[in-house]
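Values quoted throughout were computed directly from the atomic coordinates according to the rules given, and no laboratory measurement underlies them. This is a predicted model, so every value here is computed, not measured. We place every Cβ from the backbone using ideal geometry, glycine too, and count neighbours over all the protein chains shown.
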Amino acid sequence: MKNSTRSYRWNRGARSGQLRAPLTLLVPALLAVAFLLMPLVGILARTSWSDLGTHLSSPGVTEALRLSLVVSFWALGLSLLLGVPLAWLLARVDFPGKALVRSLVLLPMVLPPTVGGVALLLGFGRRGLLGPWLEDTFGITLPFHTSGAVVAATFVAMPFLVISLEGALGGLRPRYEETAASLGASPFRVFLTVTLPMVAPGLAAGAALTWARALGEFGATITFAGNLPGTTQTLPLQVYLLLQNSPEAATSVSLLLLAIAMAVLVALRGRWTGGGTHSASARSVSARSGAVRSASARSASVSSGAASSTEESPAYEDEAGRPTATAPPAASAKWALHAEVSGFTELTLDAEPGTTIAVVGENGAGKTTLLRALLGLTPRARAHLRLGDQDVTGLAPHRRGVAWVPQDGALFPHLTALANTAYGLRAQGVARAEARREAQAWLDRLGVGRLAHRRPGQLSGGQAQRVALARALAARPRLLLLDEPLAALDQTTRAHVRHTLRTHLEGFGGVCLIVTHDPVEAVSLADRVLVLDGGRALQDAPPAEVTRHPRSPWVARMLGRNAWPGEARADGLALPGGGRIVAAEQLPAGSRALAIVAPESVSVHRERPGGSPRNTWPGTVREITATGSRLRVLIGSPGVPDLVAEITPEAAAELGLAEGVAVWSSVKATEVTLVAL
């Protein structure tokens with residue numbers, strides 16, 4: 001016990017809850033550090049400090065240093081030219097033999113350098129596979145030439161760049177690139193303006209390591225390119241020669257290489273070892289998005305949605321909530337929608353210009369697949385798509401005129417709000433000044449014009465969503481796709497952004513699809529509600545019709561209703577578990593139907609009720625939640641599936657309701673609505 005206590009004492013972080021180091025792991029770890037440190041200490045101890053300047057300024061060393069810098073920077077350039085596309089290919093594209101290609105990339109890192117030099121001779125030497133052709137066609141001879149040293153250094157150093165950049169690309173979520181494509185940017189433009197800037201730290205780390213590795217290359221260089229002073233004799237080869245004639249000078253030159261290597265590693269600050277390859281701005285965007293998520297449950301009823309849709313607020317507001325007088329632009333063109341989607345999601349969708357469709361359904365129902373099929377970004381489903389008079393089915397995503405706003409907005413963290421908004425216009429060839437003017441106008445219309453020069457990490461959730469919407473509308477789309485645009489916002493911000501969105505959709509000349517799980521959004525924003533189930537359209541009707549007669553239990557519950565599927569009988573509905581619900585209206589016997597009961601139509605009693613109710617069930621209170629000024633009581637009953645009753649706090653107090661209390665629930669037959677399925 002004494003030894004164990006002593007082994008923990010070294011870690012100051014132990015008091016703050018960090019993991020303590022057991023002695024059995026601490027001792028080998030310290031030995032490993034000492035093992036790695038000893039050679040470096042040996043160089044420092046054996047360096048002749050008084051002669052250091054003389055050694056490093058000698059003609060042979062300076063010439064070798066010059067050549068090393070030339071070779072290493074040329075190798076870095078070749079690695080960037082060839083390695084960056086290769087890293088992107090490995091990170092973004094699935095193809096046969098991908099594992100083999102990755103193994104080829106890693107091979108130079110594990111291959112003995114001299115073996116690598118021999119392999120280069122057999123491939124590019126005068127008697128190699130390509131050497132004679134290079135010499136006869138282009139007059140290029142690589143062995144015993146500076147270009148050969150560059151090829152050798154590139155061969156052993158490029159894997160560091162590819163591995164580092166592939167890891168950074170793998171950590172970059174594709175939605176940024178997909179959003180850029182939906183704004184009209186070609187794949188190459190997306191790569192240059194979105195992908196590379198967002199993985200810049202990983203690229204810089206890989207480039208630094210590549211350069212340092214090329215600077216220190218020895219084995220492949222001496223085997224393939226030789227050791228010719230002024231031509232292929234780099235600094236590591238100079239060290240090898242100095243060891244035979246002047247060990248003190250060799251130590252001084254070794255110290256120089258050691259200092260360069262340490263400087264590179266210190267500059268990386270842990271990026272190579274897992275310190276994160278994403279930019280600080282990307283991390284701040286992620287942190288902001290997580291911070292603004294609402295902690296409250298979205299249990300709003302249709303009545304609250306109606307209230308929200310008629311809330312008194314100015315048509316246009318700035319970020320401080322002050323009204324502005326700017327009106328939305330008049331639509332200069334109209335684009336109807338016709339889509340035939342096949343694959344996992346199968347449906348036909350037609351909509352007139354200016355129509356807003358809310359797409360709802362359970363998780364896995366095919367909502368996001370539908371949007372991605374319209375964008376042309378998924379192999380799971382394919383959309384035969386016509387916008388206006390143009391068939392865009394065969395066009396690439398960036399040529400379709402379909403703008404997409406993902407759930408978190410996917411603002412490019414390295415660009416300001418103004419540059420984000422102007423991105424689609426610039427991708428479509430609009431001049432920079434004109435694009436910025438139009439982008440500023442859109443930001444002003446959505447009330448965030450004063451935030452134009454802020455980056456996404458400096459915006460709140462509501463501000464970021466307005467910028468994302470401005471960016472999509474500024475790109476002049478013919479079809480607008482919004483994937484839960486308000487899900488990451490708190491309730492207050494959601495109401496303001498919902499109002500802004502509704503105002504600007506009124507002047508949109510195309511069709512808008514909004515994926516949502518919020519009944520308030522579906523009722524207040526949409527002209528139609530499309531209900532998906534298993535990739536099929538279960539219902540496509542105006543919000544009022546879906547509210548009165550939902551054809552899906554999930555949609556009914558989303559709207560705050562009680563819903564039970566079953567089989568129609570003469571007096572109501574037979575439930576799968578053997579229960580029965582009596583209804584005043586009748587459907588053909590044996591048909592599949594859905595019984596809908598509003599929570600406010602459910603009465604709660606402590607004793608079995610008498611009188612007129614035809615449906616009475618004993619049960620137990622499972623949960624009580626507050627919704628505005630009323631309470632929603634979840635009651636579990638053996639006669640029917642769980643049901644929800646909505647009562648006042650005064651009624652709950654009078655009944656003495658609490659979780660676990662036995663109650664009776666009742667519903668009049670006239671309050672039950674049957675919907676044929």
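Seen through its C-alpha gyration tensor, with square-root eigenvalues sorted a ≥ b ≥ c, the range 13-100 comes out oblate because a/c lies at 1.5 or above while a/b is not bigger than b/c. The 3J(HN,Hα) values that the Karplus relation (6.51, -1.76, 1.60; θ = phi - 60°) gives for the range 430-444 are, in residue order, 6, 4, 4, 5, 5, 4, 5, 5, 5, 5, 4, 4, 5, 4, 5 Hz. Gly and Pro appear as x. Take every pair of alpha-carbon atoms less than 8 Å apart whose residues are at least six positions apart; their mean separation over the length of the chain yields a relative contact order of 12 percent.
Here residue 186 and residue 101 are evaluated by their C-beta separation; at R0 = 25 Å the FRET efficiency comes out at 0.50. Give the calculated FRET efficiency between residue 130 and residue 428 to the nearest 0.05, with a Förster radius of 45 Å applied to their Cβ-Cβ distance. Efficiency for this residue pair is about 0.55. Built from the Cα atoms of the range 560-676, the convex hull projects on average onto 6.8 nm², one quarter of its surface area.
Compared with the dominant principal axis of the Cα atoms in the chain, helix 491-505 is inclined by about 90°. Can you classify the range 52-283 as rounded, prolate or oblate using the Cα gyration tensor, where a ≥ b ≥ c are the square roots of its eigenvalues, rounded means a/c under 1.5, and otherwise it's prolate if a/b beats b/c and oblate if not? Since a/c reaches 1.5 but b/c is at least a/b, the shape of the range 52-283 is classed as oblate. Using R0 = 45 Å, the C-beta based FRET efficiency linking residue 265 and residue 490 works out to 0.55. Amide H neighbours of residue 622 under 5 Å, counting only residues 5+ apart in sequence or on other chains, H built in-plane at 1.01 Å? Placed amide hydrogens put 634, 635, 636, 660 under 5 Å from residue 622. Under the simplified labelling scheme, the residue 662-residue 248 pair shows an inter-label distance of 10.1 nm, with each label point 7 Å from Cα along Cα→Cβ. Partners of residue 367 within straight-line reach, counting aspartates and glutamates whose Cα lies under 12 Å from its Cα and excluding those fewer than 8 residues away in the same chain: 346, 483, 484, 533. Take the Cα of residue 228, step 7 Å toward its Cβ, do the same at residue 623, and the gap between the two points is 7.9 nm. Computed over the range 560-676, relative contact order equals 32 percent, with contacts defined as Cα pairs under 8 Å that lie 6+ residues apart. Per-residue extension of 0.36 nm, minus the Cα-Cα distance of residue 138 and residue 82, leaves a gain of 18.1 nm for this segment. I'd like the distance separating the alpha-carbon centroids of the range 401-440 and the range 156-197, in whole Å. Here the two parts' Cα centres lie 18 Å apart. Distant-in-sequence amide contacts of residue 584, defined by a placed amide H-H separation under 5 Å and a gap of 5 or more residues or a different chain, comprise 670, 672. In this simple spin-label model, placing a label point 7 Å from the Cα along the Cα-to-Cβ direction at both residue 66 and residue 677 gives a separation of 8.5 nm. Rounded to the nearest whole Hz, the Karplus-based 3J(HN,Hα) values (6.51 cos²θ - 1.76 cosθ + 1.60, θ = phi - 60°) of the range 343-348 follow the sequence x, 4, 9, 10, 6, 10, with x at glycine and proline. Straight-line reach from residue 98: which aspartates and glutamates have Cα under 17 Å away, leaving out those fewer than 8 places along the same chain? Correct list for residue 98: 166.
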